[in-house]
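The structure appears below as structure tokens.
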Amino acid sequence: MKIVIVGCTHAGTEATKNLARLYPDAEISVYERNDNVSFLSCGIALNVGGIVKQAEDLFYSSPEELSDLGVNMFMLHEVLEINAEKKELHIHNMVTNERFTDTYDKLVMTTGSWPIIPDLRNIELNNILLCKNYSHALTIIEKAKYAKNITVIGAGYIGIELVEAFEHLGKSVTLIDNMDRILFRYLDSEVTDTVEVSLSERGICLALGQTVTGFEGEDGAVTTVVTNNNQYTADLVVLCIGFRPNTYLLNGQVDMLPNGAFLVDEYMRTSNPDIFAAGDSCAVLYNPTGVKAYIPLATNAVRMGSLVARNLLKPTVKYLGTQGTSAIKIYDHHIASTGLTETAALALGMEVKSVVIEENYRPEFMPSYEKATLKVVYEENGKRIIGAQVFSKADLTQSINTLSVCIQNRMTMDELAYVDFFFQPHYNKPWNILNLPGLEVEQALRRM
Ligand SMILES: Cc1cc2nc3c(=O)[nH]c(=O)nc-3n(C[C@H](O)[C@H](O)[C@H](O)COP(=O)(O)OP(=O)(O)OC[C@H]3O[C@@H](n4cnc5c(N)ncnc54)[C@H](O)[C@@H]3O)c2cc1C
């Protein structure tokens, strides 16, 4: 059996390792246009801010490790075309410029995503950068050394992490987003209001509710970011406005969402029985709504990559879907979210309610304690939990993983009220903070 894997970051690395282990007799080839595999983009901001000293440490595998598993690793090779009917790939060797054809019995598409680049005036100016891969990380770090005024466009997780890192380096930083709140997709205003205050207190200029219309430059390099109601001096700009699935190779050959994300079933099969896909190139089942959605996360990528291998020859292990669970640390705030925010649920026309708990996370007789804010969103009819957010100076982010399990298993607020959680004064109170939203909904809140 001849297996070809296209793309080798998270989904690709995971698929490759598992395929090599499960099918030792197969001929497995990987085509990757970069010269590296498994780069953890989530470390870029940590590297920029100096917490991680070297970008080279942000890899957890290597072409050599995968070669040692018996896999043919074609690095710096770009797949230019795929003919699914003939099971053929056309490939460009980026080193020798040679072009050649390969064939497959089973194809694994782990081609991921690419940053959205808006069609804006003067977007081609120098020092307007993307933030996705190893080479972007090196460029950002190098250029940030000499920049004074840095503008980040997009106030999602990636933008916020970069803003904090640049501020830490002593730069003058502006954050622009067309929404009127930061982290709009992940958190409601109960959480974002406080974070915005702490960003502003550190001198970060929050230019929210503004749309970038273009850039001005001098000698080919950016000098100004222009929005619909202001302009900002900038000698470095980083675009963090989202990602598009990288699926053009199979346009018209397999089913996709309107944004181009591959539609795969729970066994990672595309609409072509010999083509599997995983990671950012795919839509995933979003459990809070039960609808396939585009939620590009490394967590989804590694799970899906490993399932490709398990399901390659016959449907064996199902993907359970996702809640889009994620976390961020901004200065001394630990924040995590899962599922739908109340804003997003209402925008979808769902009838939902929410509970916000504000409580010290452990007993006040302890030498220290911190306030925690927990918000849980649930359906009005039936009280199914569909989303949650936590925010504290104490690290309570794991509690959002617990609520992710609750959403995945379609639990209700009534059930949450009486779930068994431990009590130990170092960590919590006799009523765990996770029980409290359920109890409040029951009107049976008992604080001890
Ligand atoms: C700055 C940043 C921070 C992030 N932080 C987090 C985080 O904290 N937590 C989290 O869960 N997720 C995070 N993510 C998202 C996460 O990085 C992605 O979800 C993950 O990279 C997806 O992995 P993937 O393998 O599906 O796709 P990708 O990482 O996009 O990799 C696709 C690979 O395919 C290759 N490829 C594409 N087309 C071809 C072709 N035609 N020929 C050959 N090779 C090709 C590419 O070169 C690439 O190596 C972050 C992303 C960024 C950019």
Extension gain Asp68-Glu98, at 0.36 nm per residue separation less the Cα-Cα distance, in nm?
-> 8.3 nm
Stretch Leu208-Asp35 to full length: gain in nm at 0.36 nm per residue minus the Cα-Cα span?
-> 58.5 nm
Cα centroid of the stretch 1-48 to Cα centroid of the stretch 274-295, whole Å | 19
Estimate the FRET efficiency between Leu80 and Asp265 by the formula 1/(1 + (r/R0)^6), using the beta-carbon distance for r and 35 Å for R0, to the nearest 0.05.
-> 0.80
Could you name the lysines whose alpha carbon sits less than 21 Å from that of Lys371, not counting residues in the same chain fewer than 8 places away?
-> Lys329, Lys393, Lys429
Cut-off 13 Å (backbone N to label point 7 Å along Cα→Cβ of Ala221), residues of the stretch 147-182 = 147-150
Student exercise, the chain dipole from Lys, Arg, Asp, Glu Cβ charges, in Debye to nearest 20 = 640
C-alpha center-to-center spacing [the stretch 116-169, the stretch 348-401] in angstrom | 33
Pairwise label distance in nanometres, Ser135 with Lys329, each label 7 Å out on the Cα-Cβ vector = 3.2
Could you name the lysines whose alpha carbon sits less than 24 Å from that of Lys87, not counting residues in the same chain fewer than 8 places away?
-> Lys2, Lys17, Lys106, Lys314
HN-Hα J in Hz across the stretch 425-439 - Karplus 6.51, -1.76, 1.60, θ = phi - 60°, x for Gly and Pro = x, 4, 10, 6, 10, x, 8, 4, 4, 6, 6, 4, x, x, 5
Given only helices, namely DSSP H runs of n ≥ 4 each adding -39500 (n - 2.57), what is the per-residue ellipticity at 222 nm of the chain, to the nearest 500 deg cm²/dmol?
-> -6500 deg cm²/dmol
When the label point is put 7 Å from the Cα of Asn381 along its Cα-to-beta-carbon vector, which residues of the stretch 332-369 have a backbone N closer than 14 Å?
-> 349-353
Take every DSSP beta bridge whose two residues both sit in the stretch 128-239, then give the antiparallel share in percent to the nearest 5.
-> 35
Protection proxy (average C-beta count within 10 Å per residue), highest first, orders 166-179, 73-86 as 166-179, 73-86
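Values quoted throughout were computed directly from the atomic coordinates according to the rules given, and no laboratory measurement underlies them. For clarity, every value in this text was computed on a predicted model and none was experimentally measured. Glycine gets a Cβ as well: all are built from the backbone with ideal geometry, and neighbour counts include every protein chain shown.
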